[in-house]
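Report on the structure given below.
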Amino acid sequence: MPELPEVETVVNGLKPLLVGKRIVGVGSSGKNLRYPLPDFALLGQSKLLDVQRRAKYLLFHFENGQSLLWHLGMTGQFHVLGKDEAAAKHEHVRLSFADDLTLRYRDVRRFGYADICATDALGEHVWLKKLGFEPLSTAFDGFHLQKMLKTRKTSIKQAIMDNHVVVGVGNIYAAESLFRAKVHPAQQAKSLTAKQYQSLVKHIKQVLRQAIEAGGSTISDFVKADGKPGYFSHSFKVYGRVGEPCYTCKAKIEKIVQGGRASFFCPHCQP
Ligand SMILES: [Zn+2]
């Protein structure tokens with residue numbers, strides 16, 4: 001499943017190809033994605049002004065004041081191709097732009113979904129309005145995270161994976177940032193010190209930035225906008241390494257289950 005770094009990578013790949021171009025048509029396979037497709041006529045033949053990311057949503061902002069929101073679900077992929085290139089298997093939506101470019105949406109499992117909303121009402125959109133901090137924003141810092149979690153009895157790992165707190169910290173990134181911050185994943189959120197919160201936030205940002213630079217973590221079938229897989233998976237320090245020696249202290253990496261998800265940690269480095 002694409003995580004925040006993959007979505008950021010897709011956004012960065014699409015922007016230089018499509019921003020400034022006018023949309024001239026939309027075609028679909030006729031199959032619904034997770035929900036029925038939105039009414040693409042709302043976009044008219046408007047110019048694409050920008051592509052942004054909020055949590056794991058791609059936001060395409062058009063000149064006529066409408067924005068297209070898109071979630072890639074489990075297996076969604078965007079590719080930019082020439083208009084005459086053949087449709088790949090599982091291509092479900094095709095947005096045609098000026099200069100004979102087409103944005104193709106492929107989705108084997110069809111769990112992706114899309115909607116169209118006025119750009120100035122995006123903050124109130126039901127998919128977006130309850131989302132927590134954007135982890136790479138300056139507003140997300142140790143002070144504000146601690147303030148938000150100071151009474152939480154849940155584990156810190158589950159707290160940082162809660163989208164109402166901070167978005168985009170998936171299972172891998174939570175494990176990797178807790179290791180780097182030397183915080184045990186089962187420690188109660190309310191018991192972390194200010195210093196631990198600062199370190200944790202610093203490492204969440206660092207891990208996500210590294211993953212974005214590597215083009216995402218690529219666990220299964222995610223492919224970047226240019227069709228090449230990302231390589232962050234080669235730098236996991238604890239995730240998926242149960243029984244293997246810690247790179248720092250040689251202790252064996254352990255695994256526990258929290259909220260139904262596997263947590264990997266070093267018992268020595270993360271007391
Ligand atoms: Zn260790």
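Taken as a whole, the condition of being at pLDDT 95 or above, crowded, with 18+ Cβ neighbours inside 10 Å and more than 24 Å from Lys15 (Cα to Cα) applies to Phe140. The criterion of at least 3 residues that are away from the ligand (no atom under 16 Å from the Cβ) and more than 18 Å from the chain's Cα centre (by Cα) is met, among helices (runs of 4 or more DSSP H) falling completely within the stretch 119-192, by 142-149.
Residue-wise test of (1) within 17 Å of Cys269 (Cβ to Cβ); (2) touching a Ser or Thr at 6+ places or on another chain (Cβ under 9 Å).
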| residue | (1), (2) |
| --- | --- |
| Thr151 | no, no |
| Thr154 | no, no |
| Ala159 | no, no |
| Tyr173 | no, yes |
| Leu178 | yes, yes |
| Lys190 | no, yes |
| Gln198 | no, no |
| Leu208 | no, yes |
| Ala211 | no, yes |
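Just the residues that are surrounded by 20 or more Cβ atoms within 10 Å (Cβ to Cβ) and either touching a helix residue (DSSP H, G or I) at 6+ places or on another chain (Cβ under 7 Å) or basic (Lys, Arg) (or both), please, taken from the stretch 4-37. Correct list: Leu4, Pro5, Glu8, Thr9, Ile23.
The single residue among Gly168, Gly215 that is modelled with pLDDT under 95 and in contact with a Pro (Cβ under 6 Å, 6 or more places away or on another chain) turns out to be Gly168. Among the residues making up the stretch 235-271, a single one is surrounded by 13 or more Cβ atoms within 10 Å (Cβ to Cβ), in a loop (DSSP other than H, G, I, E, B) and away from the ligand (no atom under 15 Å from the Cβ): Gly240.
The values are calculated or read from the model by the stated rules, or taken from the named source; none is laboratory data. Keep in mind it's a predicted model, so treat the numbers as computed, not measured. Cβ coordinates were reconstructed from backbone atoms using ideal geometry, including for glycine residues, and neighbour counts include every protein chain displayed.
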